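Undergrad: Dropping a structure here in structure tokens format, bear with me for questions.
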Amino acid sequence: MQSMLAFALQLLIFPGIIFLLFMAFFFEWIDRKVVARIQNRYGPLYTGMSGILQPLADFIKLLSKEDLMPESADKMIFTLTPLLSFSLVLTALFLFPMASSRAIISFEGDLVFLIFVLTLTILNSALAGYGSASPYSIIGGVRSALQMIGYEIPLAISLAGPAFSAESLSISGIVEWQASRGLWMILLQPLGFIVSTACLLAELEMIPFDIPEAETEIVAGWMTEFSGRKLALFRVSKDLKMLLASSLLASLYLGGAQPLGLAPPIIVFLAKSIFMLLLMSLLRALFARFRIDQMISGMWKYLIPLAILQVMLVCLGVGRIK
Amino acid sequence: MYSDALTLLPVIFTLSFTLGLAIYVFGGRLSVKGGGEKGAKSVPYACGENPPEETRINLERFFVFAVYFLIFDVFAFMIAVSSSAYWILPLFYALITLMAIATYLITGRNM
């Protein structure tokens, strides 16, 4: 009974849902603030200490707005896609070891499950664009599906690199392997790290690859028709995805949740994933948007050969420790 | 520790979906209700212009990538599960796949 209760608390509060939601808002705040400072703006300023509550305030504001649905939209798809995108990303976040070296859910093959969920969220957004039956939304949805053709393969290949080295297809297993060897995967597979960072930027639809929601061309892409509570759910799921991408990089390449001296694993883990978030925000602030054909052919021309090269190096035994 | 993934995964997904649904319903309570007259609100957004009759999207030039996508997806999972194989097999497989890309880079026209 006692352990049941402790487990429910774990699921709902600490490394669970409430903690993840607040971290997602916190990560959005960091991202917005850093990008604003790089661009010589102030960023969020008034709500809370230097605007730290601004993402939460935005969320509540969106909830209180009128929820519009275009007459031509597919009612079921239009209602279901925000819910699905929220719950899929939230489920995937339970696969990461945060508070201890084992995640709440870990099984052999959860890395493959994670890639599957990432693909599903993109298909979900393509479906959302298709279901809202507006020209901008349809173009945005098609672009997001096209973009997936570009980055899905290098992402999967480069994430297979750590799995290949650690001989484990589970994220917790890879983290434990790094902890037991006492070194980080980024030192062994720097190429894979670069490729997966670029692909995760595309996954998050961040600036060099924000083609599906290019503001200046197609309003808000596949999100154009969503408003009110549906847009709020999409925004939260995007923040959760930001948390997911940075914890993926931190877990697979930076050693993830290991205790370091007196610091408990959760602090180390958050420090590493915030560092990864800062890297992604910096890239977002530095670059300009690619065109869709540049993006896809660039991915196939440069990133996939790089990812395969990384795998071949690992096969040859470069940076492979028994 | 409850680590039985097959029961835990659906439970967590249901939990997250319920939370999303709760936010959705709560947002419905909280939100402003529009009047009976909808007018332009129910028309797709088109920057004040009349929306075009049909949207044309040219996907032909991306067809090759879609076909390659199907092949390479298999490659990624083969690599991920081949860690216990003798080292020359995955290496050889990766070489073949790399040659597939090289072929396209040499012969492809619109890259």
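The values are calculated or read from the model by the stated rules, or taken from the named source; none is laboratory data. None of the values given here were measured: they were computed from a predicted structure. Glycine gets a Cβ as well: all are built from the backbone with ideal geometry, and neighbour counts include every protein chain shown.
Undergrad: Being more than 7 Å from chain A (Cβ to nearest Cβ) and of a type in the set (S, T, Y) is the filter here, so list the residues in region B:70-111 that pass it.
TA: B:S82, B:Y86, B:Y93, B:T103, B:Y104, B:T107
Undergrad: Let me ask something additional. Assuming A:L188 fulfils every condition listed in (1) within 13 Å of another protein chain (Cβ to nearest Cβ); (2) more than 15 Å from the chain's Cα centre (by Cα) apart from one, which condition is it?
TA: (1)
Undergrad: Moving to a separate point now. Just to check your reading of the model, which residue among B:D73, B:D4 is surrounded by 10 or more Cβ atoms within 10 Å (Cβ to Cβ), at pLDDT 80 or above and charged (D, E, K, R)?
TA: None of the other options fit; the residue is B:D73.
Undergrad: Of A:V112, A:V117, which residue is part of a helix (DSSP H, G or I) and within 8 Å of another protein chain (Cβ to nearest Cβ)?
TA: Result of the check over A:V112, A:V117: A:V112.
Undergrad: Now, a different point. Residues to consider are A:I153, A:I115; find the one that is crowded, with 23+ Cβ neighbours inside 10 Å and either touching a residue at least 12 places away in the same chain (Cβ under 8 Å) or farther than 21 Å from B:N58 by Cα (or both).
TA: A:I153
Undergrad: With the condition kept exactly as written, say whether any residue in region A:52-69 is crowded, with 18+ Cβ neighbours inside 10 Å and small (G, A, S).
TA: Looking for residues that are crowded, with 18+ Cβ neighbours inside 10 Å and small (G, A, S), one finds none in region A:52-69, hence no.
Undergrad: Among (1) within 20 Å of A:Q10 (Cα to Cα); (2) part of a loop (DSSP other than H, G, I, E, B); (3) in contact (Cβ under 8 Å) with a residue 40 or more places away in the chain, which single condition is A:A92 missing?
TA: It is condition (2) that A:A92 fails.
Undergrad: Out of the residues in region A:164-185 that are in a loop (DSSP other than H, G, I, E, B), more than 18 Å from the chain's Cα centre (by Cα) and not aliphatic (A, V, I, L, M), which is farthest from A:Y302 (Cα to Cα)?
TA: A:G182
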